[in-house]
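Before any comments, here is the structure.
The values are calculated or read from the model by the stated rules, or taken from the named source; none is laboratory data. Just so you know, these numbers come straight off a predicted model, no measurement behind them. Backbone-built Cβ (ideal geometry, glycine too); neighbour counts: all protein chains shown. Heavy atoms of the whole protein, side chains included, go into the accessibility calculation; ligands, DNA and RNA do not. Shrake-Rupley method; radii C 1.70, N 1.55, O 1.52, S 1.80 Å.
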Amino acid sequence: AHCAWLSRGMPSWLSCLALGLVWAPGVYADSGNARVSADSSNVGKPALDSRAASQQALSDAEKTLALIPSFWQSGSKRSDILAPARETDASVFQVEEQAFPRSYLESLASMLLRAVFDGPAMQGLGPDFGDAYTFEVTATREGLAKLSDAVGLPLDPFLDHAICKECNAFFVNAVVLDGQKSSTLPGPWHDFGLAMHRDESLGSFTEPASEKAARKVSVLYLSEMDSAGGELEIYRGPSLDMRKIVMQQTRERCGGGAPNIVKRCEEAVVNEVLALDTVGRIAPKTGRLVQFDGRHAHGVRRPHGEGLRVSLVLEQFAYADAAVARIPTLHSMKNSKPFFASSELQTHLGPRLGSSLREQSWQDCMGRDSK
């Protein structure tokens, strides 16, 4: 009865989580072992009292860790989910292996890393992205056609392969995570490089009531990790309800205790809750292309071991004409400064980031740059 479907259509197991009733098998069972009635015999009461006192001495975090199976706790290996298990999830994501020639991938990775780490490397686009080195580009279709030349990266093969025909606004960024760097994300996302989120990078240009999330997100892996970690996880829910439940569960179940115990508890609870809603888990592998519905919440696990997890991301939006008219034709930034292939382009295009990038203006800039 406690786990009935909620009025907003939340499935029963989600209701249980929201009510704090899912901990471990048998914890809330109506069994004689789990409960002692008010009029039961006092036989064995000292032993029960001793056990209760021992339990009371434990913090909530320690109690939770004692109940959660080891495979949800820190250090457990997560298996890949490279195809949706349910037919109803078939449209959520697709994985394509060896999507591009090795020579192209190596060249793109080398040039992308040079661009990211040339000068001060920009980290993060907000608190949930604080561990990622990146640059960010906003573009309309007109601007996207100029992007490779503008930033000096060979992006055209990737863009031509991944582009969504009905999409008219785009956000391109690199995601570079260092496997030897400890996570700086706020709890409970200790085991994440990018915390759970939806891709709404251009949402500020839309009307308040309209859909802000990307119609399609394309992720091209340009490296792979020697050790575990770095997986992209895609969740079933098209909203961030699960994130709210994760935050609620970790607050209620991981209070008190030493900081390292609380951290372990939060990691375990996050794993337990998200396991119920994970439809895809895709490890980084050079040349692997993942394309998914950007309306689904997703996150990136923290990589472990030596090396960098390198990926190129294209968020694609299908907005109303009025919204597209507000989007810069080409807006390229790194470290809050214009990011272009040369100082000449930066000088001439930087001040006009929000204006129309007319063909003659572009040709003039390119001609001036080549002199």
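I'd like to check something: does the stretch 89-103 contain any residue that is part of a helix (DSSP H, G or I), of a type in the set (Gly, Ala, Ser) and closer than 17 Å to Gly287 by Cβ? Yes, because at least one residue in the stretch 89-103 is part of a helix (DSSP H, G or I), of a type in the set (Gly, Ala, Ser) and closer than 17 Å to Gly287 by Cβ.
Only one residue in Thr286, Thr250 is of a type outside the set (Lys, Arg) and open to solvent by less than 20 Å² (accessible area, probe 1.4 Å). Which one?
None of the others qualify; the one that does is Thr250.
With respect to the conditions (1) open to solvent by less than 20 Å² (accessible area, probe 1.4 Å); (2) of a type outside the set (A, V, I, L, M, F, W, C); (3) at pLDDT 95 or above, Pro328 falls short on a single one, namely (3).
Take Val246 and decide whether it is in contact (Cβ under 8 Å) with a residue 24 or more places away in the chain and within 17 Å of Leu194 (Cβ to Cβ). Give the derivation first.
Working: in contact (Cβ under 8 Å) with a residue 24 or more places away in the chain: yes; within 17 Å of Leu194 (Cβ to Cβ): yes.
So Val246 passes the test.
For every residue, the table says whether it meets (1) closer than 15 Å to Leu222 by Cα; (2) buried (at least 21 other Cβ atoms within 10 Å of the Cβ).
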| residue | (1), (2) |
| --- | --- |
| Val269 | no, yes |
| Glu272 | no, yes |
| Leu276 | no, no |
| Val290 | yes, yes |
| Asp293 | no, no |
| Gly299 | no, yes |
| Pro303 | yes, yes |
| Glu315 | no, yes |
| Ala318 | no, no |
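Are any of the residues in the stretch 148-170 among the β-branched types (Val, Ile, Thr), within 23 Å of Phe339 (Cα to Cα) and at pLDDT below 95? Yes; the residues of the stretch 148-170 include at least one that is among the β-branched types (Val, Ile, Thr), within 23 Å of Phe339 (Cα to Cα) and at pLDDT below 95.
Ala322 passes every criterion in (1) within 26 Å of Leu202 (Cα to Cα); (2) modelled with pLDDT of 95 or more; (3) not basic (Lys, Arg) apart from (2). Checked against (1) within 27 Å of Ala341 (Cα to Cα); (2) touching a residue at least 24 places away in the same chain (Cβ under 8 Å), Gly179 passes all but condition (1).
Take the stretch 287-306 and flag every residue that is touching a helix residue (DSSP H, G or I) at 6+ places or on another chain (Cβ under 7 Å) and either under 17 Å from Ala195 (Cβ atoms) or not in a strand (DSSP E or B) (or both). Within the stretch 287-306, Gly287, Ala297 qualify.
Can you tell me which residue within the stretch 195-211, out of those that are of a type in the set (A, V, I, L, M, F, W, C) and open to solvent by 10 Å² or more (accessible area, probe 1.4 Å), is nearest to Trp72 (Cα to Cα)? Among residues in the stretch 195-211 that are of a type in the set (A, V, I, L, M, F, W, C) and open to solvent by 10 Å² or more (accessible area, probe 1.4 Å), the one nearest to Trp72 (Cα to Cα) is Ala209.
Taking Leu312, is it in contact with a Phe, Trp or Tyr (Cβ under 8 Å, 6 or more places away or on another chain) and in contact (Cβ under 8 Å) with a residue 12 or more places away in the chain? Walk me through it before giving the result.
On the way: in contact with a Phe, Trp or Tyr (Cβ under 8 Å, 6 or more places away or on another chain): yes; in contact (Cβ under 8 Å) with a residue 12 or more places away in the chain: yes.
In short, yes.
For the stretch 165-178, a tally of residues being open to solvent by 10 Å² or more (accessible area, probe 1.4 Å) and assigned to a loop (DSSP other than H, G, I, E, B) returns 3.
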